[in-house]
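Bear in mind that the values in this text are calculations on the coordinates, not laboratory data. Everything numeric here is computed off the predicted structure, so don't read it as measured data.
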Amino acid sequence: MAKLPAKVGLSKSEIRSRIKDGDFPQPIRMGPRAMGFLAHEIDHWINQLVMAARCPSKGAQACVAH
C-alpha cells in the first residue's frame, strides 16, 4: 500500500475509510499484516472517477465512447 496513496491521490486513512464504506476496490490479504490491490481494479476505479467527473449528468457509462 506504500505507493497506492500517491497513485490515487488519497491518504492511507482515506483509502481505508473508502474500503470500509465499499467505495474503493477491496484489498487482497497477502499475510497477517500485508495487503495488496489488483492494478487493473485500481485503474478501473480511477477511470470511473474520471468519467463521472467529465460526464456528471450522463453517468460514467455514457462517456465511454468519447
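Quick notes
- Helix 39-54 axis, angle to the chain major axis (alpha carbon atoms, nearest 10°): 40
- Ordered from longest to shortest, the equivalent ellipsoid semi-axes for the chain are 26, 12, 10 Å, each the square root of 5 times a Cα gyration tensor eigenvalue.
- The mean sequence distance of close C-alpha pairs (under 8 Å, at least 6 residues apart), as a share of the length of the chain, puts its relative contact order at 19 percent.
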